[in-house]
Amino acid sequence: MSVDTGQPINTSAASVTTVNETSNSAGTLLLWPLWALLLFAGLVAGNFDSPSMSECGRLGSSVVLVFAGWVWYLSCRNTAPEKYTLLIAIGMTLGGIGDFFMGGLFDTLIPLPSPVLGGMASFGLGHIIYIIGCFEARLRAQLTSSSAMWGSIIFWQAASTIGWYFVVFLSTKESTQLLVWPALGYSQLLAGTAGVTTGLAVQDRRFVMLAIGAALFLISDLILGWGMFRETFPHRMEAVWIPYGGGQMMIVYAIVTARKAFQNC
């Protein structure tokens, strides 16, 4: 038996929200080929003595991911994952700023002893935001296992410290000694992101893509560190940018699966 409350049921707002969410999500997925094309073009151009074209392609791919992050946020407005997607978008924006620092494009505007310091600061802030987003996801998705979370964090902290020791601390290059200890803190922060994302993924496989993305980011940082603190090597740019760009992309596009963990909220 049904009860007539006398109030009309308004489904128009829900329908508009669903349509907008679907439209924005489709638009974000269409940005993926553009990201891949720009990154690929940038890496190819770097092998043909075209540094300006290479930089435009690589930085362009980062800008596309920033844009994608904000489109995902707009598609999740007024839904349970809204705050999570906002934090991912902010973190990705800070990552894009870090890329511009690393490219030396802010040298005149913000003079620093090394552009790497600006990049580390921007990426570091971005990863703090990612970590906050992960704890928002943990709360919303009700993933309450402390052992899974802390075990994952401890594992990645240990792995990053060992990597820093062999790649950075044992370096004898005088020109990079200023960055040795900041690199430790930075590496541990990236490992913190890898840890909390792994802690989510261990409890819910819908966060696996997010965890892989964070791990790839950390791996790219160790490869970059080898080139900076040890010695350069052939195809260093590709070795850094493929896991870095892929990792950033997976962090953004993990929203596709991660947001489904919020549906029961």
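The values are calculated or read from the model by the stated rules, or taken from the named source; none is laboratory data. Predicted model only: the values in this text are computed from it and were never measured. Backbone-built Cβ (ideal geometry, glycine too); neighbour counts: all protein chains shown.
Contact list please: Cβ distance under 8 Å, first residue in region 129-144 and of a type in the set (Phe, Trp, Tyr), second residue not in a helix (DSSP H, G or I), pairs at least six apart or on different chains. Pairs found: none.
Taking first residues from region 208-237 that are farther than 19 Å from residue 165 by Cα and partners that are assigned to a loop (DSSP other than H, G, I, E, B), the Cβ contacts under 9 Å between residues at least 6 apart in sequence or on separate chains come to 208/254; 209/254; 210/254; 211/254; 212/254; 213/254.
Please enumerate the residues belonging to region 68-82 that are of a type in the set (Phe, Trp, Tyr) and in contact (Cβ under 8 Å) with a residue 40 or more places away in the chain. Talk me through it step by step, then tell me what you get.
Residues of region 68-82 of a type in the set (Phe, Trp, Tyr): 70, 72-73.
72 - this is the single residue of region 68-82 that is of a type in the set (Phe, Trp, Tyr) and in contact (Cβ under 8 Å) with a residue 40 or more places away in the chain.
Considering region 135-239, the qualifying helices (runs of 4 or more DSSP H), each wholly inside and each with 3 or more residues that are surrounded by fewer than 17 Cβ atoms within 10 Å (Cβ to Cβ) and hydroxyl-bearing (Ser, Thr, Tyr), run over 146-164. Would you confirm whether or not region 21-33 contains a residue that is among the small types (Gly, Ala, Ser), in contact (Cβ under 8 Å) with a residue 12 or more places away in the chain, assigned to a helix (DSSP H, G or I) and within 30 Å of residue 152 (Cα to Cα)? For region 21-33, residues among the small types (Gly, Ala, Ser), in contact (Cβ under 8 Å) with a residue 12 or more places away in the chain, assigned to a helix (DSSP H, G or I) and within 30 Å of residue 152 (Cα to Cα): absent. Tell me, yes or no, whether region 204-211 has at least one residue that is touching a Gly at 6+ places or on another chain (Cβ under 8 Å) and at pLDDT 95 or above. Among the residues of region 204-211, not one is touching a Gly at 6+ places or on another chain (Cβ under 8 Å) and at pLDDT 95 or above, which makes the answer no. Identify the single condition in (1) closer than 28 Å to residue 256 by Cα; (2) at pLDDT 55 or above that residue 54 does not satisfy, given that it satisfies every other one. Going through (1) closer than 28 Å to residue 256 by Cα; (2) at pLDDT 55 or above one by one, residue 54 breaks only (1).
Only a single criterion out of (1) under 29 Å from residue 60 (Cβ atoms); (2) at pLDDT below 95; (3) surrounded by 15 or more Cβ atoms within 10 Å (Cβ to Cβ) is not satisfied by residue 89, namely (2). Among the residues of region 83-127, the one identified as farther than 18 Å from residue 65 by Cα, in contact (Cβ under 8 Å) with a residue 40 or more places away in the chain and within 15 Å of the chain's Cα centre (by Cα) is 120. The combined condition, being of a type in the set (Gly, Ala, Ser), under 30 Å from residue 138 (Cβ atoms), loosely packed, with under 14 Cβ neighbours inside 10 Å and at pLDDT 55 or above, is fulfilled by residue 26.
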